[in-house]
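Worksheet for the structure shown next.
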Amino acid sequence: MKIKATRTFLNDIGTVRRGAVVDIRDVQAKSLIERGIAVPVEEPTKGQDAKPKPEKPKADPKPKAAPKPEDN
């Protein structure tokens, strides 16, 4: 289970700093969550992107050039 540390803690994988996201055994993760040391991280389901793609800003169309005067 993936969790995000709300406080720095020491685990069998080593020191986990506040803000770090780690994947640990469910039993350990649930214990840390219950004690307020970590929060669960939502994993994207299949078919969903892990990160939403940012929308590209739409550029203004090129200004039209003024018509050239005809030589008479």
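Scanning segment 20-29 for residues that are over 9 Å from ILE3 (Cβ atoms) and in contact (Cβ under 8 Å) with a residue 24 or more places away in the chain returns ARG25, ASP26. For segment 49-59, the count of residues that are part of a loop (DSSP other than H, G, I, E, B), modelled with pLDDT of 75 or more and out of contact with any helix residue (DSSP H, G or I) (no Cβ under 6 Å at 6 or more places or on another chain) is zero. I'd like the residue in segment 1-41 that is part of a helix (DSSP H, G or I) and polar (S, T, N, Q) and, out of all such residues, is surrounded by the fewest Cβ atoms within 10 Å (Cβ to Cβ). Among residues in segment 1-41 that are part of a helix (DSSP H, G or I) and polar (S, T, N, Q), the one surrounded by the fewest Cβ atoms within 10 Å (Cβ to Cβ) is SER31.
The values are calculated or read from the model by the stated rules, or taken from the named source; none is laboratory data. Keep in mind the model is a prediction, meaning the values are calculated, not measured. Counting neighbours? That spans all protein chains shown, and the Cβs are built from the backbone with ideal geometry, glycine included.
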